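The values are calculated or read from the model by the stated rules, or taken from the named source; none is laboratory data. Everything numeric here is computed off the predicted structure, so don't read it as measured data. Using ideal geometry, Cβ is built from the backbone for each residue, glycine included, and neighbour counts are taken over all protein chains shown.
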Amino acid sequence: MNFESPLRPAQYVENQIVTSILNGTYPQGSALPNERTLAEKLGVTRQTLRETLHRLSREGWVTIHHGKPTVVNNYWENGGMGLLSTMSRYSEYLPNGFVTHLLEVRSNLLPIIARLSADSAPEVLLTYLLQAKTLEDKAEAFSLYDWDLQLLMTSHAKNPIYRLIFNDFSWMFESLALQYFSLKKARKISRSYYLDLYDAIDRGGKNVERVVHSTMEKSIEIWKGLKGL
């Protein structure tokens with residue numbers, strides 16, 4: 001039997017503060033309780049709380065005013081990739097439309113990444129895509145295969161920043177992909193996508209971006225329908 005490891009104090013503080021911001025307990029513009037009160041409420045030392053708040057401040061969640069209350073920021077305007085990465089770990093509390101917006105960003109990025117990787121390592125991609133023909137028709141199998149394909153493309157796109165960006169969302173993808181690939185329609189479209197991508201790369205890569213972008217747009221529409229369920 002597997003048991004989840006208990007959160008370390010700093011992780012627990014982050015969890016409590018971030019979820020409280022995302023669920024509206026501490027809305028944007030509001031002040032957090034003072035350091036002593038918040039540390040006692042969370043059952044941690046003031047040092048642990050202080051260190052976590054400073055990290056969250058660097059990400060853009062809060063603004064620390066020495067001698068004054070710590071204020072919750074408008075994180076959409078003050079945050080960066082660090083905040084986005086942290087946010088991705090709290091899928092249960094994500095703002096409306098977050099996943100759709102994230103998929104839209106992927107829809108713009110992945111076609112370029114796919115073309116670059118197809119140019120630099122076509123045989124690597126072709127070898128991997130051949131496995132799609134025998135891919136087991138289960139959500140778990142598709143989830144793992146699809147994410148590994150995305151990481152493979154980012155690794156061969158000749159720009160390490162792409163891989164870093166995608167690495168930040170591995171936890172979220174693993175969580176949400178099982179929901180997505182639980183739909184037979186999603187698995188069918190993805191299997192066709194893998195084979196179409198194989199053909200596009202095998203024929204010189206001219207249509208790689210079009211194939212990837214078309215499938216990413218379809219995935220957004222499927223996700224919207226899944227949310228409706």
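For this structure, a couple of remarks:
- Given (1) at pLDDT 95 or above; (2) surrounded by 14 or more Cβ atoms within 10 Å (Cβ to Cβ); (3) touching a Ser or Thr at 6+ places or on another chain (Cβ under 7 Å), index of the condition Ala31 fails: (2)
- Checking Lys206, Lys158 one by one, the residue that is without any contact (Cβ under 8 Å) to a residue 24 or more places away in the chain and over 21 Å from the mean Cα position of the chain (by Cα) is Lys206 and no other.
- So Asp148, is it at pLDDT 95 or above, assigned to a helix (DSSP H, G or I), loosely packed, with under 15 Cβ neighbours inside 10 Å and not β-branched (Val, Ile, Thr): yes
- Matching residues, region 40-78, being in contact with a helix residue (DSSP H, G or I) (Cβ under 9 Å, 6 or more places away or on another chain), assigned to a loop (DSSP other than H, G, I, E, B) and free of Cβ contacts under 8 Å to residues at least 12 places away in the same chain: Gly43, Ile64
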